[in-house]
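Student: Input: one structure, supplied below.
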Amino acid sequence: METIHAGLIGFGNIGSGTVKLLRENGGLIEKRLGARIVIKKIADLDLKTPRPVAVDRKMLTRDAKAIFNDPEISIVIELVGGYEPAKSFILEAIRQGKHVVTANKALLATYGDEIFKAAEERGVNIGFEASVGGTIPVIKTLRESLAANRVRSIFSILNGTTNYILTKMSDEGKNYKTVLREAQSLGFAEADPTFDVEGIDTAHKLGIVLSLSYGKRVNLADIYREGITGVSQQDIEFAKELGYKIKLLAIAIQRGDAIEARIHPTMIPFDHLLASVNSNYNALHIRGDASGPVFLYGQGSGMMPTASAVVADLIDIARDIQKGVSRRVPSRSLSEGGIEEIDLMPMDEIVTNYYFRFSALDRPGVLSKISGILGKHNISIASVIQKGRAPDKAGSVPVVMTTHESREKDMRAALKEIDRLAVLKGKTVRIRIEDDRLK
Ligand code: HSE
């Protein structure tokens with residue numbers, strides 16, 4: 001039986017999971033593949049910390065060159081994370097004619113062009129299934145299973161940490177800081193949790209999803225991004241009253257020749273599938289023009305779920321090696337020659353529904369002042385909630401409104417004017433609502 005050798009760089013959580021999975025399911029994988037995948041060498045700077053899987057010390061090295069220089073190794077698995085030295089490792093592996101498997105979303109979202117181009121020129125594969133949605137087959141679905149479709153829209157939850165935090169705040173009434181600490185101790189969060197809570201990790205993943213869906217490159221800075229740090233318990237409770245849950249959604253919608261791409265806390269109906277995606281789970285609701293809705297769901301992080309995606313890539317590449325081919329499927333959905341810059345719609349032009357929470361003095365005429373300004377800016381009110389409750393320290397009470405579909409530009413202009421009213425005692429909170437567009 002043929003043996004295909006891989007070298008692993010980065011013996012952390014997912015690296016250990018990859019070794020463990022190949023060991024535990026090796027027999028089955030051999031039967032499916034008709035070949036054996038063996039990790040021959042493992043490089044990591046830290047060889048002291050005990051790992052959840054025991055390996056022969058002779059396999060271990062602190063020098064990644066030992067992997068690049070080993071002619072028997074045909075696949076390099078990069079699980080170091082971050083930009084450098086991960087980028088140099090991948091480019092060196094490509095230069096040496098080795099295939100690459102990586103989970104590095106930040107790197108691919110930022111330097112994907114350079115890496116994919118180098119891989120194409122050298123005729124090697126880049127497997128990156130683990131980079132988006134952990135265990136969920138996002139890359140394969142978009143690049144292969146839905147290859148016949150125009151992707152009309154994607155509504156997705158792509159970050160486990162923020163989904164965990166919002167779930168616990170909503171279900172258990174816990175505060176943001178306590179839950180963030182829990183997520184960190186469970187190993188979902190990035191080394192720097194700002195990446196999670198500010199939506200940066202989600203933006204990296206949405207960037208990859210956009211390039212696969214529309215075959216184009218994306219400038220990450222053009223994706224509108226808002227994290228979850230401003231989501232309060234009060235808004236979660238009002239959302240419940242209105243029949244919504246708040247989720248950090250990564251959204252892509254085709255609008256003619258342009259694409260709307262945005263990440264922000266979003267109110268979605270309680271009975272939508274995405275509303276039942278809880279804890280660290282991720283999901284994507286994709287609509288293709290021929291396929292109609294497709295729903296993908298699974299664990300977006302964690303040792304074994306992410307290792308499952310890494311090993312799936314190893315198996316795919318091993319199949320190419322066995323057949324003596326490579327790059328049967330391009331890295332993105334178009335051959336590299338067809339890749340262009342994606343045309344993202346300016347945020348001002350997007351159209352959605354809004355939730356507003358005004359902190360207003362409880363006086364006659366306040367509602368008419370607010371609704372007058374909204375009307376002047378073409379914003380039509382769908383519902384209003386005002387409860388007779390005790391005013392806060394500033395003497396204000398919450399007044400909640402939802403709107404019919406409105407333009408972002410109009411919403412911003414209206415709130416600017418409203419927040420200047422003397423009867424308002426704080427900045428208005430606004431959260432976008434996705435309802436009919438999700439169906
Ligand atoms: N920090 C990421 C998350 C890990 O919370 O989803 C997986 O990319």
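Student: Restricted to the range 177-205, and to residues that are surrounded by fewer than 18 Cβ atoms within 10 Å (Cβ to Cβ) and not small (G, A, S), which residue is modelled with the lowest pLDDT?
Tutor: Our first condition is that a residue be surrounded by fewer than 18 Cβ atoms within 10 Å (Cβ to Cβ); within the range 177-205, this holds for 177-178, 181-182, 184-187, 191-192, 194.
With the extra rule that they be not small (G, A, S), the set shrinks to 177-178, 181-182, 184, 186, 192, 194.
Details: K177: 88, T178: 90, R181: 89, E182: 89, Q184: 86, L186: 85, D192: 81, T194: 93.
Per the stated criteria, the residue is D192.
Student: Take I321 and decide whether it is out of contact with any Lys or Arg (no Cβ under 9 Å at 6 or more places or on another chain) and over 18 Å from E144 (Cα atoms).
Tutor: Answer is yes for this residue.
Student: Further, regarding this structure: From the list G324, G288, G292, which residue is away from the ligand (no atom under 16 Å from the Cβ), farther than 23 Å from V218 by Cβ, open to solvent by less than 40 Å² (accessible area, probe 1.4 Å) and out of contact with any Ser or Thr (no Cβ under 8 Å at 6 or more places or on another chain)?
Tutor: Testing whether each residue is away from the ligand (no atom under 16 Å from the Cβ), farther than 23 Å from V218 by Cβ, open to solvent by less than 40 Å² (accessible area, probe 1.4 Å) and out of contact with any Ser or Thr (no Cβ under 8 Å at 6 or more places or on another chain) leaves just G292.
Student: Among the numbered conditions (1) in contact (Cβ under 8 Å) with a residue 40 or more places away in the chain; (2) touching a helix residue (DSSP H, G or I) at 6+ places or on another chain (Cβ under 6 Å); (3) away from the ligand (no atom under 16 Å from the Cβ), tell me where D113 comes up short.
Tutor: Condition (2) is where D113 drops out.
Student: For K168, state whether it is within 16 Å of the ligand (Cβ to nearest atom), more than 21 Å from S308 (Cα to Cα) and either open to solvent by 10 Å² or more (accessible area, probe 1.4 Å) or over 13 Å from the mean Cα position of the chain (by Cα) (or both).
Tutor: It is true that K168 is within 16 Å of the ligand (Cβ to nearest atom), more than 21 Å from S308 (Cα to Cα) and either open to solvent by 10 Å² or more (accessible area, probe 1.4 Å) or over 13 Å from the mean Cα position of the chain (by Cα) (or both).
Student: Here's a follow-up. Tell me which residues, restricted to the range 144-165, are out of contact with any His (no Cβ under 8 Å at 6 or more places or on another chain), closer than 30 Å to G256 by Cβ and within 13 Å of the ligand (Cβ to nearest atom).
Tutor: Of everything in the range 144-165, those that are out of contact with any His (no Cβ under 8 Å at 6 or more places or on another chain), closer than 30 Å to G256 by Cβ and within 13 Å of the ligand (Cβ to nearest atom) turn out to be I157, L158, N159.
Student: Then there's this: Pairs under 7 Å by beta carbon, first residue over 14 Å from K245 (Cα atoms) in the range 150-166, partner in a helix (DSSP H, G or I) and within 9 Å of the ligand (Cβ to nearest atom), six or more apart or different chains?
Tutor: Taking only residues 6 or more apart or on different chains, the pairs are L158/T202; L158/K205; N159/D196; N159/D201; N159/T202; T161/A183; T161/D196.
Student: Does I139 satisfy the criteria of being in contact (Cβ under 8 Å) with a residue 60 or more places away in the chain, buried (at least 21 other Cβ atoms within 10 Å of the Cβ) and within 16 Å of the ligand (Cβ to nearest atom)?
Tutor: yes
The values are calculated or read from the model by the stated rules, or taken from the named source; none is laboratory data. Just so you know, these numbers come straight off a predicted model, no measurement behind them. Please note: Cβ atoms are built from the backbone with ideal geometry, for glycine as well, and neighbour counts cover all protein chains shown. These area figures cover heavy atoms from the full protein model, side chains too; ligands, DNA and RNA do not enter into them. Shrake-Rupley method; radii C 1.70, N 1.55, O 1.52, S 1.80 Å.
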